[in-house]
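S.K.: My questions all concern the structure below.
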Amino acid sequence: MSAKPTPPTHLPDPGNVREVLAYWIRLLRVEKGWSQERLAHECELDRTYVSAVERCRWNIALANIERLAQALGVEPWTLLKPPEQAIKPARKTARKTPAKA
């Protein structure tokens, strides 16, 4: 029995393209309920390659980004777009009363 795939635990650094790519690949793969092996099969890639890309260990060719995107059902550019960062709630500020003339 294999372990259930788990989504990424944190948002990637938006300035690190490999982290962004790894984030989307893992998130989309998990949303489909696929193992790395299943994704690799769908893309005709090796499972160890998919694993290394998800762990930011290898650079990836554009052709492989296209293969992964097609298998995951998204446009290739979406795998390179940083996810929206969590919006922090606005801080409450003390309301200043206008100075009287």
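No lab work stands behind these numbers, since they all come straight from the coordinates. Everything quoted here is computed from the prediction, not taken from an experiment. Glycine gets a Cβ as well: all are built from the backbone with ideal geometry, and neighbour counts include every protein chain shown.
S.K.: Which order do peptides 6-19, 50-63, 28-41 fall in by mean Cβ count within 10 Å, highest first?
M.R.: 28-41, 50-63, 6-19
S.K.: Now a separate question. Working out 0.36 nm times the residue gap between ASP13 and HIS41, then minus their Cα-Cα distance, what length gain in nm do you get to one decimal?
M.R.: So the chain would gain 7.2 nm between ASP13 and HIS41.
S.K.: Points 7 angstrom from Cα along the Cβ direction at ASN59 and THR78: gap in nanometres?
M.R.: Distance between label points: 2.7 nm.
S.K.: Would you calculate the separation in nanometres between label points at GLN70 and LEU27, each defined as 7 Å from the Cα along the Cα-to-beta-carbon direction?
M.R.: For GLN70 paired with LEU27, the spin-label model returns 2.4 nm.
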